Amino acid sequence: MTSAKRGRVFSGARPTGRQHLGNYLGAIKNYVTLQDEYDCVYCIVDLHALTTVDTTENLRQNTYEMALDWLAAGIRPVESIIFVQSHVPEVAELHLILSMVTPLGKLTDLPTFKEKVRQQPHNVNYGLVGYPVLMSADILLYKANLVPVGVDQEPHIEFAREVVRSFNYRYNTSVLIEPQMKATEFPKVLGIDGQQKMSKSLNNHIELASTPQETTERVMQMVTDPQRIRRSDPGNPDVCNVFSLHKIFSSPEEVEMVNVECRRAGIGCVDCKKRLIERVIEALEPVRAKREYLSRNTDEVRQILEAGNQKSRTFAERTLAGVRELIGF
Ligand code: SF4
């Protein structure tokens, strides 16, 4: 990692396999941009995944598929680190050490924990409670200054900062660094149903590396302004997710044209979608092509991940050695 940049970014995401537009616009695009200014460490958090999955059958494949999409989208492994959490076991030790300076009540009070209890009352496991401690260990091992996350993760970053203060106070040190949060520009992307956040489990997603035909099919299924029944009815782009995606993928002139013409029924939804399809296909073509290349060169991808695992492990060992020394092990 070079020292000419402004600091170090860390971010992680669970291995969910092939990525979709929601993942791209909400996180990956930001990951790519951040590389210009920061040393970046991007982690596929497969240990975290164990808190919620019923089976690990697809874990390895999902990890690999996600790495492919990250690389295809523009993560540059020569200057950034991309690695798999479970391949750096130091994180488990730091997690345990940090848990000793963490009041249990703080964890059980977190809104994200309460939400998980509501979602999976049959499986309120210890890992679920300790999730923010493991996340803190991830961030702190790499001495990250900045963590790009969605607003729903804000309490976790604040929690990590408190853990740092508790640890540094107890051991009279400044060895751990308080991270700052960087909110993502597009925290929520709706699915093709126009109602819920884009998600694979809801099957309302458009895959990042989808073929032109797949993109066409998905966009054509998109729900538009529900009040616009006939072609002659004026529409309201403000409530239409097709328009939201136009604002991301189309030129300002085209967005303005849709905005005006939709309201006076000058453009039909099918034509409007066809225009969006062209823009999305254009934008995703380089990602699709790179993914195709990478999926034909699996050894290259595995080498990138192994090198990332090794680099992050070296870094983590150094931080953990300092922590162990301070404690007096
Ligand atoms: S014309 Fe476009 S923006 Fe207007 S309702 Fe139809 S799809 Fe949505």
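Among the residues of the stretch 144-159, just one is over 18 Å from the mean Cα position of the chain (by Cα) and either of a type in the set (Ser, Thr, Tyr) or crowded, with 18+ Cβ neighbours inside 10 Å (or both), namely PHE159. Inside the stretch 261-278, can you point out the residues that are part of a loop (DSSP other than H, G, I, E, B) and either open to solvent by less than 100 Å² (accessible area, probe 1.4 Å) or near the ligand (Cβ under 8 Å from one of its atoms) (or both)? Passing the criteria: ALA265, GLY266, ILE267, GLY268.
Residues in the stretch 237-254 that are within 24 Å of the chain's Cα centre (by Cα), open to solvent by less than 40 Å² (accessible area, probe 1.4 Å) and not β-branched (Val, Ile, Thr): ASN241, PHE243, LEU245, HIS246, PHE249, SER250. Residues of the stretch 18-31 that are farther than 22 Å from HIS246 by Cβ and surrounded by fewer than 22 Cβ atoms within 10 Å (Cβ to Cβ): ARG18 alone.
If you take just the helices (runs of 4 or more DSSP H) that sit entirely in the stretch 86-137, which of them hold at least 1 residues that are under 17 Å from ILE157 (Cα atoms) and in contact (Cβ under 8 Å) with a residue 60 or more places away in the chain?
Working: elements: 90-99, 104-109, 111-119.
Filter on the stretch 86-137 gives 90-99.
Within the stretch 137-172, the set of residues being within 11 Å of THR102 (Cβ to Cβ) and in contact with a Phe, Trp or Tyr (Cβ under 7 Å, 6 or more places away or on another chain) is empty. Consider the stretch 177-224 and keep the residues that are under 21 Å from ALA283 (Cα atoms), among the aliphatic types (A, V, I, L, M) and not in a loop (DSSP other than H, G, I, E, B). The one that is most open to solvent (accessible area, probe 1.4 Å) is MET220. Flag: GLY322 matches the condition of being out of contact with any Ser or Thr (no Cβ under 6 Å at 6 or more places or on another chain) and either more than 10 Å from the ligand (Cβ to nearest atom) or assigned to a helix (DSSP H, G or I) (or both). Inspect all residues belonging to the stretch 268-288 and state whether any of them is among the small types (Gly, Ala, Ser) and under 30 Å from PRO237 (Cβ atoms). Scanning the stretch 268-288 turns up at least one residue that is among the small types (Gly, Ala, Ser) and under 30 Å from PRO237 (Cβ atoms).
The values are calculated or read from the model by the stated rules, or taken from the named source; none is laboratory data. Keep in mind that what you see is a predicted model, and the values were worked out from it rather than measured. Note: ideal-geometry Cβ built from the backbone for every residue, glycine included; neighbour counts use all protein chains shown. The protein model used for the area step is the full one, side chains on, heavy atoms only, and it has no ligands, DNA or RNA in it. Shrake-Rupley method; radii C 1.70, N 1.55, O 1.52, S 1.80 Å.
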